[in-house]
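This report refers to the structure that appears directly beneath it.
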Ligand code: ASP
């Protein structure tokens, strides 16, 4: 059994958090591959080291001294080291870094030092072998991961040293230069490391006990999802739920490795387990797995008596494509269709879009209605069960929420309901309390 455990910024924000990480790692000897982010915020007034390092680079670019910021960063690291009684001579490396600071300093190299130093400290504290991401995460000339080389390097380090610790968020280009990933990239490194060693589970330790069933800003203390499939996760993420980045899911999903989101501050909570297929789990008998949604869509309705539906639809889609407005949903009628598009994506181009449609398709009418919110009710338990949509619509109807548009994915994993923006919160609450909570 091999577990890959990735700890996010808030899990390694200070000495107290380091202690929690050690307790977690020590409680299970199969957690042999550990990945860490740079130290994050200790409280809401604090700063993430990565943010400070970006700020530092901005100062350098404008020729402003970043001495103060560098000394704040140094203090954070030295404090962790001293409080935990570690021996790592971090000052020497920080001095060398300070000497190399100038306006030509690579921003990627500079910001990657947040994870590098955090990982050096954590490696010593856990007694794990530090394996620099520059020596095991490789990108090609196109900037994409060189999967073969990377997986081989991580696998061989794991075989050689047993327990390894890798800093997240960065890797090396063929030119030898350090390149960072997108923000939050430590999650990607964790997934890559899990896939490389063919881990039995990829644990992603953060500061929440899993993915919540609904947005806590809308629903009062929503429960967390115990188990869901990768497909459900994608639906929720697409509709605005804040979950891991797609790139952080793909490597483990591809290998069929379950992903477990856990809370470093509450290790007793099981968190959320994301699996390939959860047919016979029997754990979660809820009708809905989760609810997510987004506001501010427009419905573009095109009507024409006796219309050649496919042709007119294709013409309209081509026009929208020219204006880079991607279509979220399509509703088809006999002589009419409605396209749901993000209002911001259409922007001022809407007038040109309408006149292009008029010119190309000669419709009887083209209308645009703004202020639509989409709410996705996601749940594998709804699939191919008669009556699923009826139940949801009835509950919304009873609350006086009128439904402006409806769409269901072909796999019946989600039902997407369009309501007026003003009914967005109420719709989510109705669905949550009726079917998820
Ligand atoms: N430290 C980086 C960030 O703040 C990457 C990460 O936390 O995963 O974006």
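The values are calculated or read from the model by the stated rules, or taken from the named source; none is laboratory data. None of the values given here were measured: they were computed from a predicted structure. Glycine gets a Cβ as well: all are built from the backbone with ideal geometry, and neighbour counts include every protein chain shown.
For residues in the stretch 181-197 being over 10 Å from residue 252 (Cβ atoms) and away from the ligand (no atom under 15 Å from the Cβ), which is surrounded by the fewest Cβ atoms within 10 Å (Cβ to Cβ)?
Filtering the stretch 181-197 for residues that are over 10 Å from residue 252 (Cβ atoms) and away from the ligand (no atom under 15 Å from the Cβ), the one surrounded by the fewest Cβ atoms within 10 Å (Cβ to Cβ) comes out as 197.
Check residue 325 against each of (1) surrounded by fewer than 12 Cβ atoms within 10 Å (Cβ to Cβ); (2) in contact with a helix residue (DSSP H, G or I) (Cβ under 9 Å, 6 or more places away or on another chain) and name the one condition it does not meet.
(1)
Look through 406, 415 and report the one residue that is touching a strand residue (DSSP E or B) at 6+ places or on another chain (Cβ under 7 Å) and without any contact (Cβ under 8 Å) to a residue 60 or more places away in the chain. Walk me through it before giving the result.
Numbers: 406 fails: without any contact (Cβ under 8 Å) to a residue 60 or more places away in the chain.
The match here is 415.
Per-residue answers, yes or no, for (1) farther than 18 Å from residue 25 by Cβ; (2) in contact with a strand residue (DSSP E or B) (Cβ under 6 Å, 6 or more places away or on another chain); (3) in contact (Cβ under 8 Å) with a residue 24 or more places away in the chain:
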{"residue": "179", "(1), (2), (3)": "yes, yes, yes"}
{"residue": "183", "(1), (2), (3)": "yes, no, yes"}
{"residue": "196", "(1), (2), (3)": "yes, no, yes"}
{"residue": "199", "(1), (2), (3)": "no, yes, yes"}
{"residue": "209", "(1), (2), (3)": "yes, yes, yes"}
{"residue": "215", "(1), (2), (3)": "yes, no, yes"}
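Yes/no matrix, rows are residues, columns are (1) within 14 Å of the ligand (Cβ to nearest atom); (2) crowded, with 19+ Cβ neighbours inside 10 Å; (3) farther than 21 Å from residue 3 by Cβ; (4) modelled with pLDDT under 95:
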| position | (1), (2), (3), (4) |
| --- | --- |
| 118 | yes, yes, no, no |
| 123 | no, yes, no, no |
| 126 | no, yes, no, no |
| 144 | no, no, yes, no |
| 167 | yes, yes, no, no |
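Just to check your reading of the model, which residue among 204, 163 is within 21 Å of the chain's Cα centre (by Cα) and closer than 27 Å to residue 269 by Cα?
Numbers: 163 fails: within 21 Å of the chain's Cα centre (by Cα).
After applying the criteria, what remains is 204.
With the condition kept exactly as written, say whether any residue in the stretch 92-108 is in a helix (DSSP H, G or I), within 16 Å of the ligand (Cβ to nearest atom) and surrounded by 15 or more Cβ atoms within 10 Å (Cβ to Cβ). Lay out the reasoning, then the answer.
Filtering the stretch 92-108 for residues in a helix (DSSP H, G or I) gives 92-100, 107-108.
Okay, now just the ones that are also within 16 Å of the ligand (Cβ to nearest atom), so 107-108.
With surrounded by 15 or more Cβ atoms within 10 Å (Cβ to Cβ) added as a condition, the list becomes 107-108.
Looking through the stretch 92-108, at least one residue is in a helix (DSSP H, G or I), within 16 Å of the ligand (Cβ to nearest atom) and surrounded by 15 or more Cβ atoms within 10 Å (Cβ to Cβ).
Given the residues 388, 383, which is the only one that is out of contact with any helix residue (DSSP H, G or I) (no Cβ under 9 Å at 6 or more places or on another chain) and either surrounded by fewer than 20 Cβ atoms within 10 Å (Cβ to Cβ) or closer than 23 Å to residue 235 by Cα (or both)?
On the way: 388 fails: out of contact with any helix residue (DSSP H, G or I) (no Cβ under 9 Å at 6 or more places or on another chain).
Matching residue, one of 388, 383: 383.
Listed here are the residues, each with its yes/no results for (1) within 30 Å of residue 423 (Cβ to Cβ); (2) modelled with pLDDT of 95 or more; (3) surrounded by fewer than 22 Cβ atoms within 10 Å (Cβ to Cβ); (4) away from the ligand (no atom under 16 Å from the Cβ).
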site: 131; (1), (2), (3), (4): no, yes, no, yes
site: 140; (1), (2), (3), (4): no, yes, yes, yes
site: 162; (1), (2), (3), (4): no, yes, yes, yes
site: 179; (1), (2), (3), (4): no, yes, yes, no
site: 201; (1), (2), (3), (4): no, yes, yes, yes
site: 221; (1), (2), (3), (4): yes, no, yes, yes
site: 229; (1), (2), (3), (4): yes, no, yes, yes
site: 235; (1), (2), (3), (4): yes, no, no, yes
site: 239; (1), (2), (3), (4): yes, no, yes, yes
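Take the residues of the stretch 426-437 that are under 26 Å from residue 327 (Cα atoms) and buried (at least 18 other Cβ atoms within 10 Å of the Cβ): which is modelled with the lowest pLDDT?
Of the residues in the stretch 426-437, the ones under 26 Å from residue 327 (Cα atoms) are 426-428, 431.
If we keep only those that are buried (at least 18 other Cβ atoms within 10 Å of the Cβ) as well, we get 427-428, 431.
On the way: 427: 95, 428: 95, 431: 91.
Filtering the stretch 426-437 for residues that are under 26 Å from residue 327 (Cα atoms) and buried (at least 18 other Cβ atoms within 10 Å of the Cβ), the one modelled with the lowest pLDDT comes out as 431.
(1) under 18 Å from residue 184 (Cβ atoms); (2) out of contact with any strand residue (DSSP E or B) (no Cβ under 6 Å at 6 or more places or on another chain); (3) not in a helix (DSSP H, G or I): which one isn't true of residue 4, the others all being true?
Status for residue 4: all satisfied but (2).
What helices (runs of 4 or more DSSP H), lying completely within the stretch 338-419, carry at least 1 residues that are farther than 16 Å from residue 325 by Cβ and more than 24 Å from the chain's Cα centre (by Cα)? Step through it out loud before you land on a result.
Numbers: elements: 343-346, 350-361, 388-398.
Helices (runs of 4 or more DSSP H) meeting the threshold: 350-361, 388-398.
What about residue 29, is it more than 19 Å from residue 84 (Cβ to Cβ), in a loop (DSSP other than H, G, I, E, B) and at pLDDT 95 or above? It would help to see each step written out before you state the result.
Numbers: more than 19 Å from residue 84 (Cβ to Cβ): yes; in a loop (DSSP other than H, G, I, E, B): yes; at pLDDT 95 or above: yes.
Taking the combined requirement at face value, the residue satisfies it.
Any idea how many residues of the stretch 108-144 are more than 14 Å from residue 12 (Cβ to Cβ) and touching a residue at least 40 places away in the same chain (Cβ under 8 Å)?
Final tally of qualifying residues: 10.
Check residue 18 against each of (1) closer than 21 Å to residue 94 by Cβ; (2) under 23 Å from the mean Cα position of the chain (by Cα); (3) crowded, with 21+ Cβ neighbours inside 10 Å and name the one condition it does not meet.
Against the list (1) closer than 21 Å to residue 94 by Cβ; (2) under 23 Å from the mean Cα position of the chain (by Cα); (3) crowded, with 21+ Cβ neighbours inside 10 Å, residue 18 comes up short only on (2).
Is the stretch 40-60 home to any residue that is closer than 19 Å to residue 120 by Cβ, buried (at least 17 other Cβ atoms within 10 Å of the Cβ) and away from the ligand (no atom under 16 Å from the Cβ)?
no
Count, please, the residues in the stretch 66-80 that happen to be touching a helix residue (DSSP H, G or I) at 6+ places or on another chain (Cβ under 7 Å) and either modelled with pLDDT under 95 or farther than 19 Å from residue 41 by Cβ (or both).
1
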